[in-house]
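Report on the structure given below.
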Amino acid sequence: MKKSQTSRDEAAAWVRFWDGRERGTEHRYRDPRVAVVLRQHWQHCLSERFEGAPVVSLVDIACGEGELLRIAADCASGAGVDEFEACCTDISRNAVALAADAMPEEALAIPAVANAAELPFADAVFDCAISQYGLEYAGPEAFSEAARVVGETGSLHALVHCQGGVVEAACEEVAALLSAVVDGRLLGRLAEYVEAMVPAGDGAISDETVRDRVEQLRHGFDAVDEAVRAAKPGPARDHVARLVVDSRTLASRLGHYAPADVSAWIGGQKLEIEAFLHRMTSMLDVAQSEDDMRAVVGRLEAAGLRVEALSVLEAPGQGGALAWVVDARRSDAC
């Protein structure tokens, strides 16, 4: 498959991930301790950047639902910034809408639907470009684009998925658990069971077919139960365990629900599991090695940014790397 086709497929998958997504569900499987470390990192970084600046223009690239954007707005307010001018970009229209809508009342963000490798901005228009686990999904060109839009005395700060880090390990574990749901066809078997049982009272489906669907569903439950038992404690295991409980309840109380509601629930759960499985496997695909990051540094320096020494953000408690830290500034940037 051609690289351009692969990129289009990947972009389309991310658009599907965000379609109809509600705020607060982007990081369903994140360890709460990790969320604290990430927030503290950005609060420190952005408060330092904004100190003493009366006006700040900022772009959050590959913004998702706007987690960084909200932190930036809070930091700007805390640092006494008089004018905070923000933009947010993502390949998904729904994502940028969520990000822009989540801003505090006193702050606004202009949303722009865009591939991070093709930003719709003129050169050198922002004081600050930021991204968290985003640029790497759009390929090396995205780092060049981020550098291009940073203005004089401006800066780029990004956290990037790290090969061999704790996020990669967590993604592998979650992907294995979600794959058990998908490969075991739990939801597909549940849908087939429903199709057999709903008309069973009218005699439209043979007893043999019903027995087969019951047995197939049992196998689906067994496969996922085994995967849940093997999984480490955490939000992903809790979510899948809840899905199993809800699916068993549905199967045992089928007559209490309208067929259309049952079909919609099964379809929605299937799409959600598949969307997060894609998210996990994509994270694994884009995790950057040290050689990858040295190539990124070369791109940024070629674009006129001065890059601090490569470093990693450490994971809470357990050690290991959460992310590569990219800190790059124009000459004479504060």
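The values are calculated or read from the model by the stated rules, or taken from the named source; none is laboratory data. Predicted, not measured: the structure shown is a model, and the values here were computed from it. Positions of Cβ are generated from backbone atoms using ideal geometry, with glycine treated the same way; all protein chains shown enter the neighbour counts.
All conditions but one from (1) part of a helix (DSSP H, G or I); (2) under 30 Å from residue 123 (Cα atoms) apply to residue 312; the one that does not is (1). The residue list 100, 107, 86 contains one member that is buried (at least 24 other Cβ atoms within 10 Å of the Cβ) and free of Cβ contacts under 8 Å to residues at least 40 places away in the same chain, which is 86. The residue list 158, 196 contains one member that is small (Gly, Ala, Ser), surrounded by 16 or more Cβ atoms within 10 Å (Cβ to Cβ) and either part of a strand (DSSP E or B) or at pLDDT 90 or above (or both), which is 158. Every condition in (1) touching a helix residue (DSSP H, G or I) at 6+ places or on another chain (Cβ under 9 Å); (2) buried (at least 18 other Cβ atoms within 10 Å of the Cβ) holds for residue 293 except the one numbered (1).
Table: residues versus (1) farther than 19 Å from residue 169 by Cα; (2) among the aromatic types (Phe, Trp, Tyr); (3) in contact with a strand residue (DSSP E or B) (Cβ under 9 Å, 6 or more places away or on another chain).
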| position | (1), (2), (3) |
| --- | --- |
| 196 | yes, no, no |
| 206 | yes, no, no |
| 210 | yes, no, no |
| 238 | no, no, no |
| 244 | yes, no, no |
| 276 | no, yes, no |
| 282 | no, no, no |
| 289 | no, no, yes |
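For the range 142-194, name all the residues that are of a type in the set (Phe, Trp, Tyr) and touching a strand residue (DSSP E or B) at 6+ places or on another chain (Cβ under 9 Å). If the condition is that a residue be of a type in the set (Phe, Trp, Tyr) and touching a strand residue (DSSP E or B) at 6+ places or on another chain (Cβ under 9 Å), then 143 is the only one that fits. Here 237, 279, 242 are screened, and the one residue that is surrounded by fewer than 15 Cβ atoms within 10 Å (Cβ to Cβ) and not aliphatic (A, V, I, L, M) is 242. All told, residue 274 meets the bar of being touching a residue at least 24 places away in the same chain (Cβ under 8 Å) and either closer than 30 Å to residue 154 by Cβ or not assigned by TED's automatic domain parsing to the domain that holds residue 20 (or both).
Conditions tested, residue by residue: (1) small (Gly, Ala, Ser); (2) within 19 Å of residue 158 (Cβ to Cβ); (3) out of contact with any strand residue (DSSP E or B) (no Cβ under 6 Å at 6 or more places or on another chain); (4) not in a loop (DSSP other than H, G, I, E, B).
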| position | (1), (2), (3), (4) |
| --- | --- |
| 53 | yes, no, yes, no |
| 81 | no, no, no, no |
| 84 | no, no, no, yes |
| 89 | no, yes, no, yes |
| 111 | no, no, no, yes |
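Looking at the structure I just gave you, is residue 227 part of a helix (DSSP H, G or I), surrounded by 13 or more Cβ atoms within 10 Å (Cβ to Cβ), within 30 Å of the chain's Cα centre (by Cα) and not basic (Lys, Arg)? So residue 227 passes the test.
If you go through the range 36-66 and pick out every residue that is within 22 Å of the chain's Cα centre (by Cα), more than 18 Å from residue 102 (Cα to Cα) and surrounded by fewer than 24 Cβ atoms within 10 Å (Cβ to Cβ), you end up with 6. Go through the range 271-309 and give me each residue that's over 18 Å from residue 45 (Cβ atoms) and not in a helix (DSSP H, G or I). Result: 287, 288, 289, 303, 304.
Just one of the numbered conditions (1) within 22 Å of residue 47 (Cβ to Cβ); (2) free of Cβ contacts under 8 Å to residues at least 60 places away in the same chain is not true of residue 128: (2).
If you go through the range 202-217 one residue at a time, do you hit one that is within 13 Å of residue 178 (Cα to Cα), of a type outside the set (Phe, Trp, Tyr) and not assigned by TED's automatic domain parsing to the domain that holds residue 30?
Within the range 202-217, the subset within 13 Å of residue 178 (Cα to Cα) is none.
Checking the range 202-217: not a single residue is within 13 Å of residue 178 (Cα to Cα), of a type outside the set (Phe, Trp, Tyr) and not assigned by TED's automatic domain parsing to the domain that holds residue 30.
Figure legend. Inter-residue proximity from the range 226-239: first residues touching a residue at least 12 places away in the same chain (Cβ under 8 Å), second residues small (Gly, Ala, Ser) and part of a helix (DSSP H, G or I), beta-carbon distance below 6 Å, spacing 6+ or different chains. Indicated pairs: 227/180; 228/241.
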